[in-house]
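S.K.: Sharing a structure, written as structure tokens. Questions coming.
The values are calculated or read from the model by the stated rules, or taken from the named source; none is laboratory data. Remember, predicted model here, so these are calculated numbers, not experimental data. Here the Cβ is made from the backbone with ideal geometry for all residues, glycine too, and neighbour counts use every protein chain on show. Side chains included, ligands, DNA and RNA excluded: accessible areas come from the protein's heavy atoms. Shrake-Rupley method; radii C 1.70, N 1.55, O 1.52, S 1.80 Å.
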Amino acid sequence: MKRIFSSFAIAFFSGSALFAADITGAITFKGTPPAEVALSGMEDNADCIAMHEKTPTTHHYMVGSKGEFANVTVYLTGVDGKSTGAGAPPVIVDQKGCLYTPQLVAIQTGQKLIVKNSDPCPHNVHLISHNKNFTDKNDAQFAGGGDLNYTFDKPELFITAQCDIHPWMFAWISVFDHPYFSISDKDGRFTIKNVPPGKYTIVAEHRKAGKQTLEIEVKDTGATADFAFGTPAAK
Ligand SMILES: [Cu+2]
């Protein structure tokens, strides 16, 4: 019996090198981030301001009380050509209260992006590639109108989505040609799932705070990668 068990154990553990594992990490921001500002122009728009108790602000730096840094895009490099986007569930962005929710998303090449309008007013979705990967897309979307669907062929960080009717409305879409990316949550935590064992360069990038890079090795048990951002005075 013992021998049978050991044979099984050897087979199991030697086979585990083929398994994929997760990369997890925590992202912090040290110091005080720049102050956010009230969204300019919304107070002059009766439809939009009526949906808020007070004028919303920008949310460039989403930092928790202990420095937990949310909305940082984390991704592996050197793994292009592995997109599973065509079979992945769509990513959904809603327009609600004349704001994009969520305001920052990441998606694979070939994966569907669905933009909804939950507002009682019209919007238009104006997508801008800063690398000229596509010519601007600009689609009107009326109240109660159907969803808009998009896919992207080429990877690019922080494609801009803006509404030309409501000039404070912005969202950013990052496109990857692989599934190995994540966005940090309100606790500053991220998980990149199902990464095959190996050595990788992992990047944490924030639209305002810049980017940081680490070399990591993913083993059968996974890997961790923590990043600390901050204002220059706090370093
Ligand atoms: Cu709008």
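S.K.: Restricting the search to region 77-136, which residues are within 16 Å of the ligand (Cβ to nearest atom), open to solvent by 30 Å² or more (accessible area, probe 1.4 Å) and of a type in the set (V, I, T)?
M.R.: T101, I128
S.K.: Those residues that are without any contact (Cβ under 8 Å) to a residue 60 or more places away in the chain, within 14 Å of P167 (Cα to Cα) and open to solvent by less than 50 Å² (accessible area, probe 1.4 Å), I need them from region 38-69; list them, please. Quick ask: steps written out before the conclusion?
M.R.: Pass one, region 38-69, residues without any contact (Cβ under 8 Å) to a residue 60 or more places away in the chain: 38, 43-44, 46, 49-50, 52-59, 63, 65-66.
Those still in the list that are within 14 Å of P167 (Cα to Cα) too: 38, 43-44, 49, 56-58.
Hits for region 38-69 are I49, P56, T58.
S.K.: When Y200 is evaluated against the numbered criteria (1) assigned to a strand (DSSP E or B); (2) under 16 Å from V63 (Cα atoms), which criterion, by number, is the only one it fails?
M.R.: (2)
S.K.: I would also like to ask the following. Within the bounds of region 179-190, is there any residue that is at positive phi, more than 16 Å from the ligand (Cβ to nearest atom) and aromatic (F, W, Y)? First the steps, then the outcome.
M.R.: So in region 179-190, the residues at positive phi come out as 188.
Pick out the ones that are also more than 16 Å from the ligand (Cβ to nearest atom) and you get 188.
Going one step further and asking which of them are aromatic (F, W, Y), we end up with none.
Within region 179-190 (the criterion being at positive phi, more than 16 Å from the ligand (Cβ to nearest atom) and aromatic (F, W, Y)), the answer is no, since none of the residues qualifies.
S.K.: Which pairs have Cβ atoms under 8 Å, sit 6 or more apart or on different chains, and link a residue in region 88-112 that is closer than 20 Å to G146 by Cβ to one that is of a type in the set (K, R)?
M.R.: Close Cβ pairs satisfying both conditions: P90/K112; V91/K112; I92/K116; V93/K116; D94/K116; Q95/K116.
S.K.: Can I ask one more? Any residue at all in region 217-225 that is surrounded by fewer than 20 Cβ atoms within 10 Å (Cβ to Cβ) and assigned to a loop (DSSP other than H, G, I, E, B)?
M.R.: Yes, region 217-225 contains at least one residue that is surrounded by fewer than 20 Cβ atoms within 10 Å (Cβ to Cβ) and assigned to a loop (DSSP other than H, G, I, E, B).
S.K.: Hey, I173 hits all of (1) surrounded by 20 or more Cβ atoms within 10 Å (Cβ to Cβ); (2) at pLDDT below 95 but one; which does it fall short on?
M.R.: (2)
S.K.: Also, I was wondering about something else. Can you pull out the residues in region 137-173 that are in a loop (DSSP other than H, G, I, E, B), within 14 Å of the ligand (Cβ to nearest atom), free of Cβ contacts under 8 Å to residues at least 40 places away in the same chain and not aromatic (F, W, Y)? First the steps, then the outcome.
M.R.: Of the residues in region 137-173, the ones in a loop (DSSP other than H, G, I, E, B) are 142-147, 151-155, 163-169.
Cutting the leftovers down to within 14 Å of the ligand (Cβ to nearest atom) gives us 142-143, 145, 163-169.
Okay, now just the ones that are also free of Cβ contacts under 8 Å to residues at least 40 places away in the same chain, so 142-143, 145.
Passing the criteria: A143, G145.
S.K.: Does I202 satisfy the condition of being touching a Leu at 6+ places or on another chain (Cβ under 8 Å) and among the aliphatic types (A, V, I, L, M)? Walk me through how you get there before you give the answer.
M.R.: Working: touching a Leu at 6+ places or on another chain (Cβ under 8 Å): yes; among the aliphatic types (A, V, I, L, M): yes.
Judged against the criteria, I202 is a match.
S.K.: Working only within region 85-136, note down all residues that are polar (S, T, N, Q) and in a strand (DSSP E or B).
M.R.: First pass over region 85-136, keeping only residues polar (S, T, N, Q): 95, 101, 103, 108-109, 111, 117-118, 124, 129, 131, 133, 135.
Within region 85-136, Q95, T101, Q108, N117, N124 qualify.
S.K.: Residues of region 180-235 being among the charged types (D, E, K, R) and touching a Gly at 6+ places or on another chain (Cβ under 6 Å), which ones? Explain how you work it out, then say what you get.
M.R.: From region 180-235, those among the charged types (D, E, K, R) are 185-187, 189, 193, 199, 205, 207-208, 211, 215, 217, 219-220, 226, 235; that's our starting set.
Once the filter is applied, which keeps residues that are among the charged types (D, E, K, R) and touching a Gly at 6+ places or on another chain (Cβ under 6 Å), region 180-235 yields only D226.
S.K.: Right, another one. T77: in contact (Cβ under 8 Å) with a residue 12 or more places away in the chain, among the β-branched types (V, I, T) and touching a strand residue (DSSP E or B) at 6+ places or on another chain (Cβ under 8 Å), yes or no? Show your work before the answer.
M.R.: Values: in contact (Cβ under 8 Å) with a residue 12 or more places away in the chain: yes; among the β-branched types (V, I, T): yes; touching a strand residue (DSSP E or B) at 6+ places or on another chain (Cβ under 8 Å): yes.
So T77 fits the description; yes.
S.K.: Scan region 45-93 for residues that are over 21 Å from K30 (Cα atoms), charged (D, E, K, R) and in contact with an Asp or Glu (Cβ under 9 Å, 6 or more places away or on another chain) and jot them down. I'd like the intermediate steps shown before the answer.
M.R.: Residues of region 45-93 that are over 21 Å from K30 (Cα atoms), as a first pass: 45-57, 75-93.
From what's left, charged (D, E, K, R): 47, 53-54, 80, 82.
Matches in region 45-93: D47, D80, K82.
S.K.: List, please: which pairs have Cβ atoms under 7 Å, are six or more places apart or on different chains, and start with a residue in region 217-229 that is free of Cβ contacts under 8 Å to residues at least 40 places away in the same chain and end with one that is part of a strand (DSSP E or B)?
M.R.: That search, which allows pairs on different chains as well, returns E217/K199; E217/A223.
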